[in-house]
Structure formats: structure tokens, C-alpha cells
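The values are calculated or read from the model by the stated rules, or taken from the named source; none is laboratory data. Not measured: the values here are computed from a predicted model. Methodologically, a virtual Cβ is constructed for each residue, glycine included, from the backbone with ideal geometry; neighbour enumeration extends over all protein chains shown. Side chains included, ligands, DNA and RNA excluded: accessible areas come from the protein's heavy atoms. Shrake-Rupley method; radii C 1.70, N 1.55, O 1.52, S 1.80 Å.
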Amino acid sequence: MSIKVVKPGLFTTVQDLGRWGFQSSGVPVSGAMDPFSLRIGNALLGNAQGDAALEITVLGPEIVFGDERCVALTGADLGMKIDGIPAEPWRVYKISAGGRVSFDGVTGNGCRGCLCVSGGIGVAPVMGSRATHTRSKMGGFEGRALKAGDEVPCGENYPLWRLAEGFSCPADLRPARAPDEPILASDGPQVDAFNDEGLATFYGGTYTVSGEADRMGYRLEGPEVARSKPADILSDGICCGAVQVPGHGRPIVMMADRQTTGGYTKIAVVSLWSVAALAQRMPGESVRFQRATREECAAKLTEFEGNIARLEEFRASYRSRNQYWRWV
């Protein structure tokens, strides 16, 4: 009940929905950069939506399965192949014992995919989560990205797991992530530290993702944001999507592996939906912020919850039909 890593890919880690409840003790949340794709992948398989999966960045690994499993790739299309045969994202495939999964690399929009496995990835949880935080070497597989020769344990397959084979997520239930989609953000806790010129620049300018962008924060290149107060403040809590503006005037959007506190003014907070969309952009790609109310940001999340509930219903119906035809 394990996966053997033949080639690790560019940066492949074990992630779930994060290590919540310990930020007051200085423990980062971590978790999937695109948690919506993770949840859909698990729902396709009949897993619990928070089960751990392999988060793959740009260039995926080559892995061999030790037993029969179903798998689904969600998020970016990374050119997945099963035993050398191309396999679509957002669809469930059955893998035989000894089956090999490989990736050719990004073939469309996005740069991160979640390879979800029936039964989930079965590494030991740390503080209730299997998420990897590489800077502190916490969680996941030995607290690090995978490397060749690793044998990553899988959880026990759920009952009727085989009946998910062939199930596909309808196109209208998949997250729509256009490369020019504006990033929704509402005013941050120190928005009064920025003057009208700075706010107009932030919400009206075009930025690009820096080569220094990573799981901790997306540093952006572009016009400097003018301020009316100093950049430094007494450190306070950092939430997912907080947009810090240090003294150099260029925004940094805090992501899954963010620190728990920070001492720079925060002009805005990006919606969780748009954090996931931003996580799918690679260095050099453009970013535009759109000012939104909290209600507008919440509406995206409400829509997603409705969509994934529909997906769960479709999967249950699909599984029932498969079970019927196996008996007749």
C-alpha cells in the first residue's frame, strides 16, 4: 500500500487542507495551494474531501503503485500518462499494481495539480494534518519534497472505491481559472496607511509574478504603491491572502506556507478563491487586483460549495449505476 517515487518532479509534496488551530503557537497552516481542486479530486474518488494528496508543481513525478488504486488529477493539466497512455485531468482512472504514472509537464493554464489517490496519502499526521511545511521540516513525507527512491504510504481504500472508475467532473463544476481573471481583494487592516494614489495604483495597475514567488508568498513586480504612513508596524497576525507592502512598495501576497505574524502594512486581503487562482500563475504572468466587498468574495465560496455538493450527488448516482451493472 505505497507509491514508489522513480523521479520526483520539480517540487512534489504531500498536502491536505492544512494544519489549522496552531497559528497562535507560531505553527504555519500550509496545505494545498489550490484547496478547491484538492477537494474536487477527493470527491471524484469518494474520499473525504480533506484527504491528503500529492501536490505537483509544473513538472510532475514518475511514480509506481504498489497495489490497485483509483487516481484523479485536478487543477492544472500537467500532461499525465498512465503506463505511457495520456490521461485526462478531472477524471478517475484505475491503476493496476505496478502501474506507472508520469507527467509531460504543463499543457495549458495553471502550474499546480493535485494527484488524488483512493484512500488518500497515508503519511502520519502531525498536529492533525498531513500537510508538508518544508521550511520547518514538518508533516508530509519526512517534512520535505519527494525524492527518487521514496516509498510513500497510501491509506486503505474505501469500500466500493473501484466503482468510481471512469467518473469525470462536469466542465461547469470545475474551477474556471482564466489567465487574465482579476484577483478579488477587499481592504486590509492597514489600508489607511496608503494614500489615494497608492490605492489607485494597487487596484488599477498591472503586476507580474516574480521569480521569487513560492508557497510562502507571491512577490509581485510592477508599480510601487504610494503610502501615507511608514511601512513597518508592530507585528500582527497574517491570514491567507494578506497583501503586505514593505518599504520597497511592491506587494507580496501571503500564501499557504505564510508565517503566522508579520510587521508590514497590509493594503488588502485576497479572497480565498482568488488565492487559489493566483497559485496557478507562474513567474512572468500578469496579475490585476479588483476591489471587492466581503460579500462578493464570499459569493464565490458559496457557489463552490453548491457545486461540490452537486458533484457528490453525481458521483453517488454514478457509483449506484456501476454497482447495478456489476450485479446484472
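Over all directions, the projected convex hull of the C-alpha atoms in the chain averages 16.2 nm² in area. Between S320 and H248, the contour length at 0.36 nm per residue exceeds the Cα-Cα span by 20.1 nm.
Under the convention that each Lys and Arg Cβ holds +1 and each Asp and Glu Cβ holds -1, the size of the dipole of region 107-177 around its Cα centre is about 360 debye. Computed with every protein chain present, the accessible area of C239 is close to 60 Å² [probe 1.4 Å].
Once you order the gyration tensor axes a ≥ b ≥ c over the Cα atoms, which shape class does region 179-324 get: rounded for a/c under 1.5, otherwise prolate or oblate by comparing a/b with b/c? Taking the square roots of the gyration eigenvalues as a ≥ b ≥ c, region 179-324 is prolate. Mean projection of the Cα convex hull over all viewing directions, computed for region 1-58: 5.3 nm².
In degrees, nearest 10, range 0 to 90: what is the angle between the Cα axis of helix 35-45 and the longest Cα principal axis of the chain? Relative to the chain, helix 35-45 is tipped by roughly 10 degrees. As a length-normalised measure over Cα pairs under 8 Å and 6 or more apart, the relative contact order of the chain settles at 19 percent.
As a calculated quantity, the FRET efficiency between M1 and A200 at R0 = 56 Å, using C-beta atoms, amounts to about 0.50. Entry comment: accessible area of region 1-100 is 33 Å² per residue, from protein heavy atoms only and a probe of 1.4 Å. Using only the Cα atoms of region 97-167, build the gyration tensor, take square roots of its eigenvalues as a ≥ b ≥ c, and label the shape rounded, prolate or oblate: rounded if a/c is under 1.5, else prolate if a/b is larger than b/c, else oblate. Judged from the Cα gyration tensor, region 97-167 comes out oblate (a/c at least 1.5, b/c at or above a/b).
Just the protein heavy atoms count here, and of the accessible area of region 125-185 at 1.4 Å, carbon and sulfur take up 54 percent. Going through region 31-119, which GluC sites (Glu not before Pro) have at most 16 other Cβ atoms within 10 Å and a DSSP loop state? Passing sites in region 31-119 are E68. For region 67-98, the residues whose backbone nitrogen is under 18 Å from a point 7 Å from the Cα of T107, taken along Cα to Cβ, are 71-95.
For region 223-307, GluC sites (Glu not before Pro) meeting the loop criterion (DSSP other than H, G, I, E, B) and having at most 15 other Cβ atoms within 10 Å: E224. Surface exposure of region 191-328, expressed per residue as accessible area with a 1.4 Å probe, stands at 49 Å². With R₀ fixed at 41 Å, the C-beta to C-beta distance from S24 to T293 puts the FRET efficiency at about 0.90. Mind checking the dipole of region 166-301: about its Cα centre, +1 per Lys or Arg Cβ, -1 per Asp or Glu Cβ, Debye to the nearest 20? Dipole about the Cα centre, nearest 20: 220 debye. In the chain, helical runs assigned H by DSSP with n ≥ 4 each contribute -39500 (n - 2.57); averaged across all residues and rounded to the nearest 500, the mean residue ellipticity at 222 nm is -6000 deg cm²/dmol. When +1 charges are put on Lys and Arg Cβ atoms and -1 charges on Asp and Glu Cβ atoms, the dipole computed for the chain relative to its Cα centre reaches about 620 debye. Mean-square fluctuations from a GNM of the chain, with a 10 angstrom spring cutoff on Cα atoms, peak among T57, T132, T206 at T206. May I ask for the percentage of alpha-carbon pairs in region 31-176 that lie more than 25 Å from each other? It works out to 19 percent of all Cα pairs. Residues within the reach of a label modelled at E303 (point 7 angstrom out along Cα to beta-carbon, backbone nitrogen below 14 Å), restricted to region 145-178, are 172-178.
Indicate the gyration tensor shape class of region 260-304 (rounded, prolate or oblate), computed on the Cα atoms with a ≥ b ≥ c the square roots of the eigenvalues: a/c under 1.5 is rounded; otherwise a/b larger than b/c is prolate and the rest oblate. Oblate shape, in that a/c is at least 1.5 and b/c is the bigger or equal ratio. Only protein atoms count toward the accessible area here, which uses a 1.4 Å probe; on region 27-75, the carbon and sulfur part of that area reaches 58 percent.
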